[in-house]
1. Rounded to whole Hz and in sequence order, give me ³J(HN,Hα) for the stretch 103-113 from the Karplus expression 6.51 cos²θ - 1.76 cosθ + 1.60, θ = phi - 60°, writing x for Gly and Pro.
2. What does the highest-first list of 82-92, 128-138 look like by mean Cβ count within 10 Å?
3. To two decimal places, what compactness ratio does the stretch 3-198 give when its Cα radius of gyration is scaled by 2.2 N^0.38 Å?
4. Taking the inverse of the average 1/r across all pairs of different Cα atoms in the stretch 171-253, what Kirkwood radius in Å do you get?
5. Enumerate the calculated ³J(HN,Hα) couplings along the stretch 160-169 in order (Karplus 6.51 cos²θ - 1.76 cosθ + 1.60, θ = phi - 60°), each rounded to whole Hz, writing x wherever the residue is Gly or Pro.
6. If amide H atoms are built 1.01 Å from N in the plane of the peptide, which residues on other chains or at least 5 residues away come under 5 Å of the amide H of Arg151?
7. Residue by residue through the stretch 279-285, what is 3J(HN,Hα) from phi via Karplus (6.51 cos²θ - 1.76 cosθ + 1.60, θ = phi - 60°)? Round to whole Hz and write x for glycine and proline.
8. Hey, which of these cross-link pairs are over 27 Å Cα-Cα: Lys57/Lys295; Lys148/Lys266; Lys115/Lys148; Lys157/Lys207?
Amino acid sequence: MKVSGFTFVRNAVKYDYPVVEGIKSILPICDEFIVAVGNSEDDSVGLIRSIGSPKIKIIETVWDDSLREGGKVLAVETNKAFDAIAPDSDWAFYIQADECFHENDLPKIKAAMEKWKEDKRVEGLVFNHINFYGTFDYYADSRKWNKKEVRVVRNDKDIRSWKDAMSFRKTCPERSRRDGEKLKVKFVDALIHHYGWVKSPLTQQKKRESFHKLWHDDAYVEKNVVAPEFDYSKIDSLAKFKGSHPKVMHERIKEQNWKFEFDKTKAMRPSLRLRILNSIYQNTGIHIGEFKNYKRI
């Protein structure tokens, strides 16, 4: 069995992405790792090279900054990395630049790849997803945050990154479906640790302004997004994280130089309907109306 890891990144240093930690977190079970590094204002290429692994293969890309509809450029860059993996790989393991996997989960992920390698019905593997917020001590626990995501897909170039690179779908020209087919997947009880909402308030704000330009014009960003720093208090519900972070993240966690404490009394108050749905989800795990961008088989 051959496994190719892949990701994309731009301005990794400027926006303090834990991309090195993310790559290292799954590198042990990958035979190669493709990193599409976009044209950056910093030494993102040097940062990736600093990993020092012969498995790493860098492709330098140029982002089309005119693609401002629905963050489409993110999917385009994901596909560039996916298309560059070795043709003889069985599985492609995708990780975003602000995600990590725990070392304890790698054996079960590898075992699942081996188990389903010959079963062509299985087009991908889906994992649990946790969004850390503010600091490494809190995670978003309301139902609106993504809870499961596809991160391993078969090496089939009919599979394409979907929308703003949130997931994948399979092209189906015979049915003329613009959005493609949802992938048929197996669930693996492993956890994607998402750290995209854990940065200093100043860096988070700069990243937010940059990312909103992938969806909106400059006038919108100036009016609705620009601010001195990001306000982490504008959140409806958080919970204390009681698990363990991946070892690759421990040094970064120790170096955190800002503080944030969630004050429930100042939290955003959603509608009564959403409060009821959130309560059901938080107490039972039942996610009424959950959108699933995959089909479990």
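1. 4, 5, 8, 4, x, 6, 5, 4, 4, 5, 4
2. On the way: 82-92: 17.6, 128-138: 19.6.
Those peptides, ordered most packed to least, come out 128-138, 82-92.
3. Details: Rg = 16.1 Å, N = 196, 2.2 N^0.38 = 16.3 Å.
Ratio of Rg to 2.2 N^0.38 Å for the stretch 3-198: 0.98.
4. Numbers: mean 1/r = 0.0587 Å⁻¹.
This gives a value of 17.0 Å.
5. Residue by residue, the stretch 160-169 yields 10, 5, 10, 6, 9, 6, 6, 6, 9, 9 Hz.
6. Leu125, Phe127
7. Computed from phi, the couplings for the stretch 279-285 are 5, 4, 5, 5, 9, 10, x Hz.
8. Working: Lys57/Lys295 32 Å; Lys148/Lys266 29 Å; Lys115/Lys148 21 Å; Lys157/Lys207 31 Å.
From the list (Lys57/Lys295; Lys148/Lys266; Lys115/Lys148; Lys157/Lys207), the Cα-Cα distance tops 27 Å for Lys57/Lys295; Lys148/Lys266; Lys157/Lys207.
FYI, it's all coordinate maths here, none of it is from the lab. Please read all numbers here as calculations on a predicted model, not as lab measurements. Please note: Cβ atoms are built from the backbone with ideal geometry, for glycine as well, and neighbour counts cover all protein chains shown.
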